[in-house]
Every structure is written in C-alpha cells, then in structure tokens.
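Note sheet for the following structure.
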2 protein chains.
Amino acid sequence: MLYSFLKTDIELIEQELANAVASNAALIQQASESLLKAGGKRIRPVFVLLGAKFGDYEIERVKNVAVALELIHMASLVHDDVIDDAELRRGKPTVKAKWDNRIAMYTGDYILATALEYITKVEDLSAHQILADTLVEVCVGEIEQIKDKYRFHQNLRCYLRRIKRKTALLIAASCQLGAIASGADENIHRQLYRFGYNVGMSYQIIDDILDFTGTEKQLGKPAGEDLRQGNVTLPVLFAREDPKIRKKLEYVHEHMPKAELEDVVRLVKQSGAIERSYAVSNCYLEKALGTLEQLPDTRFKKMLADLARYMGKRKF
Amino acid sequence: MLYSFLKTDIELIEQELANAVASNAALIQQASESLLKAGGKRIRPVFVLLGAKFGDYEIERVKNVAVALELIHMASLVHDDVIDDAELRRGKPTVKAKWDNRIAMYTGDYILATALEYITKVEDLSAHQILADTLVEVCVGEIEQIKDKYRFHQNLRCYLRRIKRKTALLIAASCQLGAIASGADENIHRQLYRFGYNVGMSYQIIDDILDFTGTEKQLGKPAGEDLRQGNVTLPVLFAREDPKIRKKLEYVHEHMPKAELEDVVRLVKQSGAIERSYAVSNCYLEKALGTLEQLPDTRFKKMLADLARYMGKRKF
C-alpha cells in the first residue's frame, strides 16, 4: 500500500478525528460517528503530511492542518447529502437519511466549526487566509453546481471551473498548508499548491468517469446516479456531441426508470466519451507530475508522484 | 438615537457588508442582497466598535471584526430559515421561501466563509481561536434547539444554556473581539466578554417575551410563532407551572389552528409568566451593568450601559 510509510501518523490523525467529532451533544456525536465509521481514503491528510515533509516536519503541528482539512471535506459531504437527496454514501445510509435534513445541515456546520478550531492552532496567519479563501470558492462551487444541474448545453469551461471548486482547490490547499505549517519556503508551497490542483482535477475527472464505468458494488451506489441527479460531467459533455445521445440526455430526470438510465449510461460508454475523458484526466496528471520537477529530489517527492499516478489510474 | 455617535463608522460597515456579499455567482448575490436589504439592528457591529474604543481604536482594523460578526449572524439567520420553515423574517420573504432550502444552506455557508475571510485580516491569533470556539458552541446550540423542540418538560437550565449558545456568546464575542482587535488589555477584553454575555442573555429573554406580547406588525410575523415551532422559552417555562396551561401547551403543534394558538398565547400572558420573565431579563441586565464597573470610566462605557438598558427594555 502506498500509504504504509505514513501509517503511524495517519493513525494518529484518525484518532484525532474521532476526538474532534466527540461532542456532548448526543445527536452530533451519533451523526458524526457514523460518518467517521463510513471511512474514506483520507487523501487530504496524506497530502498534508507529504507537503509537510518539504519543511520542518513535526507531526504535532502538522496534525492540526490534516485534521482540519479532513473535517472540512467531511462537512462538505454532509451538506452534499442534504443537497443530493442521496440515500447512500459509500454504501452506508447518509446522515440525512438516518436523521433529517435539518440535523444534517447543523452537523455539517458543527464539523466545519471544529475544523476552524484546529486550523487556528497553526500560527502562520497566511494558512488561515488560504483556508478562508478556499472555503469561499468551495461554497460558490456548491451553488453553481445546483444551478448547472440538468443544463446539458453548458460548456467545458463551466465543468472545469466547477470541479476546480468542488475538489481541486481543497487538495491544492492540503498540499500547500502542510508545507506552510512546517515552515517550507514560499516557492515550495506554491509549487505544491499547483501540484495539488492538477492532481485534484485529474482525480475528479476519474470520479466522474467511474459514475459510468463502475459497478454498484464498487461505487456504493448504482452507476449513473450522478447523471440521474443532473450532474453534467466530462463524459456527458463529450457524449452529447452525438445528437442522438444528446436528445436522450436532455430527457434525463430524477425519477427516470432504472432501465432508461442504464440505456443512457450504455450509450455514453459506447460513444468514446470515456476514453476521451481519461485522456483529459491524464493531461492534468502529467501537469501535476511536471510541477514536481521544480521541487527538491526526496523520497517524499517520489511518493507524491506515485500517489498522483495511483489516483489518476484508479478503477474504483 | 443611541447610535448617532457611531453613525459614520456603522455606515462604513454597512458599505463593507454590501461588498462582502457581492459575488460573481448571481444566485448568491441575489439571495444575500435580499438578506442585506431586510436590514437588522446591526447590534453586533455596534458592540464591536464600542468594545474597540477601550483600546487603540482604528476603524480600518476594527471594521473587519464588525463585518465578520455581522456576517456570522446573517449566516445563522439563513440557516435558521431552513430549519424553522419560516416563510417570513422581519416581514420579508426569507431566502428559503424565495429560493429553496438547498440554495439557502449554501448561501449560509458562503456568508460564513466570507466572514472567515474578514476575521483572518485580524493579526491576533487569539481572535481566531475565540471565534472558532464560539462557532462550535453556536452550532451545538442549533442542534440542541431542534432536539429540545416541543419538549415542554425541559428545565430552566436547558433553556438558559440554549439562549447562551444561540445569542449571548456571539454578543460576548463581539464586545471582546472589538477590544482584542484594538489591542486592549486582557482584563479589559475579558470583562467586556462578561458584559456582552449578560446583555445577550437579557436581550434574548426579551425577544422570547415579545413572541407573546408583540403585534404581527411589530414582529414581522404573527405572535406565538416561536411557540408554534415548538421553542420552549422562558415565558413557557413559567406558564407551565399551572397544570391547566401545561396541558394546553403539550397539545401545541406546528399545524395548530390560529385561534387555538392565540388562546394559548393569551393564557401564557395572563399567567404572570411575562412579568416573571422580565424580572429574569432584568437580572441579567443588572449583572451586565455591574461588569462595567471595573472598566475605565469613559463615555464609551456610558454608551455600553445605555445600549444594554435600551436592549433590555425594548418593547419590540
């Protein structure tokens, strides 16, 4: 496993995440714990730790950044569940399905506020500014995503801007803030930001491809669910170039029968859109690897490259 | 008007609030602007400014704190609207009624993130910590409030803890952070925190009284709306001591006919609960005035006292 080197420190962070969501309020405690148990790849903490290896690495200091970033990611998942009417996430009932939308909203708020408590332990003020700016962009992205649903005529730029805000900026910030927390030089943490941005773009495109190519078991939800929810992703943008597919796409709606949705998914897969999407993802992956060239040659740099490649190639 | 002295600086803050919610995203812009136009008393900015007068007052520095605190208050109003199914706030359609719950949630998130951008301009790290801790408490309070709805057997401590989190802590933080941003001594900003806490408690109790004694015109919503939503407030806690009223209270539900609700409101008013609630509010007001004694004698201290008295006496 790629992460084995960081295993001890990631376990420490896992422990701290459990502490972070421990609350006197029973409702929050239960809601957050089920979220914590649902797991996740802890990608953001790993990037924070690796970014920090380019400075004066001290786990006690870096830990706060890693926990903050993962909590922000968790908070956004909780709020996404409110939005997406998703009954399942990673195969487990969502906070929303188990409780209700109102509790889910405030649980998300609570987790975000807790993230802020962690980040304030970092003494570098620029870290706070970067995080606040990132959060603003993420929120704008969430709203744009709602606005852009089922708008099958939107352009590629619109999609790229959305996944930048939705995914890439937070991974970019993870790499950069790890480096800042460990006192790395500005030219290093800026480069790490660019690396993270490109990895994030590559990663999200893969995620959007998997909505078509993954199995229900792999995804924890049926294939085509993103499409059903009206998310216009890269495979959709490519597939719509065929007028016949475009017509079918424009008929997609939330309560579409399963068989019809599967038909659209099949058409998108046959259109060559998947291969073209992989090519775009690869392009970002290559850019990410390129940004690493200007960083000092260490084994952590090699790990970042391996991680980027792994994320850009994963099949589920 | 009490605020006349601060008029210029409050206008500056009003201007900055408009800048703050100006966004490229049209949906956010519209949602936030309608919120801005609905106005509000800007109580938190006034407390920030007055708190700052106990240090080295520089409006350009203090402004960021005042804007951040008001934005946090606005964000919580937006999320409360999602929660409360309130169709009106201050007599105007709420963000939720005009758009929908999902946009309202992300608009709230966006406004909160913008608040963080402002607070990060303050260089004192303790300001960030205080704000993050306050936000966590506010969120816990929001969730407890949902949990405690229609629980007419809850005790007084439960109510006091809830209004502390809901209102008092943010006013306390306003006073304290104003002082911190202007470099006031620790014993001064801690005292201002205590002052703000007690003013906030007094103020929220008055607010809870007005749900019974105010007119629809004064409140911007029908009297008894809080009760209909299941908020167990101080007048309710006192009135339930009468077994006859308690029985009626336990029958309160969201879709209760107007005439029945008005009947319960009338009974609460006749029970002496209003007078007893005013007495408790007054008690907090007196405590607030007491905390001022240890502060240096300036005209700003007198203004704080006047403001506290005004907030503790208001009839709507």
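FYI, it's all coordinate maths here, none of it is from the lab. What you are looking at is a predicted structure, and each value in this text was computed from that prediction instead of being measured. Ideal geometry is used to build each Cβ from the backbone, glycine not excepted, and the neighbour counts take in all protein chains shown.
See the values below:
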item	result
Candidates B:His189, B:His253, B:His73, ranked by Gaussian network fluctuation over chain B, Cα under 10 Å, top entry	B:His253
Net length gained if the chain between B:Glu216 and B:Glu262 were fully extended (0.36 nm per residue, minus Cα distance)	15.3 nm
Percentage relative contact order, chain A, counting C-alpha pairs under 8 Å, at least six apart	20
Environment charge of B:Ser23, counting only residues whose C-beta is closer than 13 Å and scoring Lys/Arg +1, Asp/Glu -1	-4
Per-residue mean of C-beta atoms belonging to partner chains within 10 Å, peptide B:130-140	6
Cβ-based exposure ranking for A:Thr213, B:Thr167, B:Thr8, in which fewest neighbours within 10 Å come first	B:Thr8, A:Thr213, B:Thr167
In Å, descending, principal axis extents of the Cα set of the protein assembly as shown	74, 55, 43
Rounded tilt (10° steps) of B:7-21 against the dominant C-alpha axis of chain B	80
Packing-based exposure ordering (other Cβ within 10 Å, fewest first) of B:Tyr203, B:Tyr118	B:Tyr118, B:Tyr203
Three-way shape label, the stretch B:269-316, alpha-carbon gyration tensor, a/c 1.5	oblate
Computed FRET value (nearest 0.05) for A:Asn282 with A:Cys158, which takes r as the C-beta separation and R₀ as 22 Å	0.55
Likely footprinting exposure, B:Tyr159, A:Tyr284, fewest C-beta neighbours within 10 Å first	B:Tyr159, A:Tyr284
By average C-beta atoms within 10 angstrom, highest first, the peptides B:240-246, B:228-234, B:50-56	B:50-56, B:228-234, B:240-246
MRE, 222 nm, helices only [DSSP H, n ≥ 4, -39500 (n - 2.57), over chain B, to nearest 500]	-23000 deg cm²/dmol
Nearest-first distances (nm) between copies at A:Glu260, label 7 Å from Cα via Cβ	4.2
The stretch A:230-316, relative contact order [Cα under 8 Å, separation at least 6], %	28
Cross-link table A:Lys7/A:Lys302; A:Lys166/A:Lys302; A:Lys41/A:Lys217; A:Lys221/A:Lys313; A:Lys166/A:Lys301, entries beyond 23 Å C-alpha to C-alpha	A:Lys166/A:Lys302; A:Lys166/A:Lys301
Across the identical copies, how the A:Gln15 labels are spaced - nm, sorted shortest first, 7 Å along Cα→Cβ	5.3
Cβ-based net charge around B:Leu12, under 13 Å, with every Lys or Arg adding one and every Asp or Glu removing one	-3
Cβ-defined net charge surrounding A:Asn155, 12 Å radius [Lys, Arg +1; Asp, Glu -1]	+4
Whole-angstrom gap from the stretch B:134-180 to the stretch A:262-308, using each part's C-alpha centre	47
Gained length - B:Ser34 relative to B:Glu14, 0.36 nm times residue gap less alpha-carbon distance	5.8 nm
Inter-copy separations for B:Gln294, label at 7 Å along Cα-Cβ, nm, ascending	5.4
